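Participant: Quick one: structure below, then a few questions.
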Amino acid sequence: MRVNVIGGGPAGLYFALLMKRNDASHRVTVFERNPPDATFGWGVVFSGRTLSILREADPVSHRRITESFETWDNVDVVLRDSRVSVRGNHFSGIARLRLLNILQERCAELGVELRFRTEVEDVDAPAADCDLLVGADGVGSLVRERYAEAFRPELGAGRNKYIWYGTRRLFHGLTLTFRAVEAGVFAAHSYKFSPEASTFIVECDEETWARAGLDRMADEESRAYLARVFAADLGGCELLSNNSRWINFLLVKNARWSRRNVVLLGDALHTAHFSIGSGTKLAMEDSIALFRLFAAGLGVPDALAEFERSRRPLVEEYQQAAHESRLWFENVKDYTHLPPPEFAFSLMTRSKRVTYESLKRRDPAFVAEYEASIKRQ
Ligand SMILES: Cc1cc2nc3c(=O)[nH]c(=O)nc-3n(C[C@H](O)[C@H](O)[C@H](O)COP(=O)(O)OP(=O)(O)OC[C@H]3O[C@@H](n4cnc5c(N)ncnc54)[C@H](O)[C@@H]3O)c2cc1C
């Protein structure tokens, strides 16, 4: 089979290596506009469950990925200088670049043709030249745009502004910090993804952003301003930029997932708000789901139809949870008056996937702290 993949992110690389690993006679080519060592982004997170799926799919890349992991089981919620720790949440973090390098290396070992520094501008040509064209070209997908009539994408912007920074300050566990200043409330999502660095994503509503003057500030000024807002949390470490810019979350859905021999994967197909940390997980699970159908012997039309039929409900469930989570962050100023344990409880249960019962199983001490706080009211 001749497979062309546009986009060498987690979805594209992983699908390419799984196909080639399963059948060396496939000719698989990945077109990626960036060089292999482009450092866009900081760290990404995986939940414990994702890892067993990756192990089953390709034990070699699974081992290399998990060897590079920082792992934790706590979510720490910081509000008005009070820290509430909730245990029993198993996550791992890895530098996005490290993950990409592992997948690139594995592709090369297996004989996938990797064409870096190759921006695809005309999608029709690679689509005509193969049995299967995979559009794994990220949130701004050209493949999705080219065949928009067939995919019928639905795009929507989140209300909050956010920016993705790094820092040398090490945050052990997922740390969610809320700082109310004159301009409004800023939230930071931070976690260690290597022995030297953490991801530090800041978000706030558009009014806070404008009142703070962030709409008019250059990168250095923005970082200095936010370093002052989060001074107590950063312990003197600066915020590091990596092509960082303020954006609004873009929700992507598609009415159809494929068109003739063309299919979308990962962020090109669907996005889920970063506050549930599932983008990379969903992207790689898409790759596994589609690959398995080919490995089971289905031809292109049947595999693409079955991929959409079987995977859509799962993806929609995640998008729904991510939507609830996003709304919570967009309305955070309605919760910041709560005592810290109640605020943390509201935060933990925001997506409705975590309940009182499941929290009690994960961390009875936290639930006891929450109940004691309610009784004091
Ligand atoms: C602020 C923020 C925080 C996040 N945090 C997390 C997290 O904690 N955990 C998590 O799992 N996920 C997180 N994500 C999401 C995660 O980064 C993406 O969901 C994931 O990378 C999707 O993988 P992908 O392969 O579909 O797309 P991408 O990683 O975007 O890869 C697409 C690739 O296609 C290439 N490309 C695009 N167009 C072309 C073209 N025309 N020709 C050639 N190449 C092209 C791009 O250069 C890119 O390399 C976060 C995202 C953001 C923005």
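Participant: At 7 Å along the Cα-to-beta-carbon direction for both K360 and A157, put a label point, then send me their distance in nm to one decimal.
Facilitator: Result: 4.4 nm between the two label points.
Participant: Run the helix sum for the chain: -39,500 (n - 2.57) per DSSP H stretch of 4+ residues, divided by residue count, reported at 222 nm to the nearest 500 deg cm²/dmol.
Facilitator: Numbers: 15 runs with 159 residues, N = 377.
The helix-only estimate for the chain comes to -12500 deg cm²/dmol at 222 nm.
Participant: Suppose we look only past 14 Å in the calculated P(r) of the stretch 292-371. What percent of the Cα-Cα pairs does that tail hold? Spell out each step's value before the answer.
Facilitator: Values: 2242 of 3160 pairs.
In whole percent, the long-distance tail amounts to 71.
Participant: Let me ask something else. Between N331 and S25, how high is the FRET efficiency from 1/(1 + (r/R0)^6) when r is the Cβ-Cβ distance and R₀ = 56 Å? Nearest 0.05. Please list the in-between numbers first.
Facilitator: Working: r = 54 Å, r/R0 = 0.96.
That pair, N331 with S25, gives E of 0.55.
Participant: Still on this model: What do you get for the angle between helix 48-57 and the principal long axis of the chain? Use alpha-carbon atoms, 0 to 90 degrees, nearest ten.
Facilitator: That works out to roughly 10 degrees.
Participant: Separate question: For an R0 of 51 angstrom, estimate the FRET efficiency from the Cβ-Cβ distance between L298 and R376 and round to the nearest 0.05.
Facilitator: Numbers: r = 59 Å, r/R0 = 1.17.
Once the sixth-power term is evaluated, E becomes 0.30.
Participant: Which one of Q104, N34, L79 has its Cα pushed farthest toward the positive end of the charge dipole of the stretch 31-139, where Lys and Arg give +1 and Asp and Glu give -1 at the Cβ?
Facilitator: Highest projection toward the positive end goes to L79.
Participant: Let me ask you something else. If you wrap a convex hull around the C-alpha atoms of the chain and split its volume per residue, what is the figure in Å³?
Facilitator: Working: hull volume 51.2 nm³, N = 377.
Taking the convex hull of the Cα positions in the chain, it is 136 Å³ per residue.
Participant: Could you tell me the center-to-center distance, by alpha carbons, between the stretch 43-118 and the stretch 215-275 in angstrom?
Facilitator: When both Cα centres are located, 18 Å separates them.
Participant: With every protein chain in place, what's the accessible area of Y356 (1.4 Å probe, Å², nearest 10)?
Facilitator: Spelled out: Y356, probe radius 1.4 Å, area about 70 Å².
Participant: Ignoring any ligand, DNA or RNA, what whole percent of the accessible area of the stretch 324-371 comes from carbon and sulfur when the probe is 1.4 angstrom? Write down the numbers at each step before the final one.
Facilitator: Working: 1200 of 2250 Å².
On the stretch 324-371, the fraction of accessible area on carbon and sulfur atoms equals 53 percent.
Participant: Counting DSSP beta bridges in the chain, what percent are antiparallel, to the nearest 5? Present the calculation step by step, with values, prior to reporting the outcome.
Facilitator: Details: 44 of 64 bridges.
The antiparallel proportion sits near 70 percent.
Participant: Right, another one. Expressed as an acute angle from 0 to 90° and rounded to the nearest 10, what is the orientation of the C-alpha long axis of helix 300-330 relative to the principal long axis of the chain?
Facilitator: 10
Participant: I've got another one for you. Separation between the E109 and V181 pseudo-spin-labels, each 7 Å from Cα along Cα→Cβ, expressed in nm?
Facilitator: Going by the 7 Å Cα→Cβ label model, 4.6 nm.
Participant: Eight or more residues apart or on different chains, and alpha-carbon atoms under 30 Å: count the Lys pairs in the chain matching that.
Facilitator: Lysine pairs meeting both conditions in the chain amount to 23.
Participant: What are the radius of gyration and Dmax of the stretch 151-201, computed over its Cα atoms and given in Å?
Facilitator: That works out to 14.6, 45 Å for Rg and Dmax.
Participant: Of F69, Y370, G173, which is farthest along the charge dipole of the chain in the positive direction, counting Lys and Arg as +1 and Asp and Glu as -1 at C-beta?
Facilitator: About the Cα centre, the residue reaching furthest to the positive side is Y370.
Participant: Take the alpha-carbon centre of the stretch 285-364, take the same for the stretch 167-196, and report the distance between them in whole Å.
Facilitator: Their Cα centres are 22 Å away from one another.
Participant: FRET efficiency for I53 and R117, Cβ-Cβ distance as r, R0 = 41 Å, nearest 0.05? Provide the component values of the computation, followed by the final result.
Facilitator: Numbers: r = 32 Å, r/R0 = 0.77.
For R0 = 41 Å, the calculated efficiency reads 0.85.
Participant: If you don't mind, there's one more thing I want to ask. R169's amide H: which non-local residues (gap 5+, or another chain) put their own amide H closer than 5 Å, with H modeled 1.01 Å from N in plane and none for Pro or chain starts?
Facilitator: S198
The values are calculated or read from the model by the stated rules, or taken from the named source; none is laboratory data. Just so you know, these numbers come straight off a predicted model, no measurement behind them. When we count neighbours, we look across all protein chains shown, and the Cβ atoms used for this are built from the backbone with ideal geometry, even at glycine. Please note that ligands, DNA and RNA were not included when accessible areas were found on the heavy atoms of the full protein model with its side chains. Shrake-Rupley method; radii C 1.70, N 1.55, O 1.52, S 1.80 Å.
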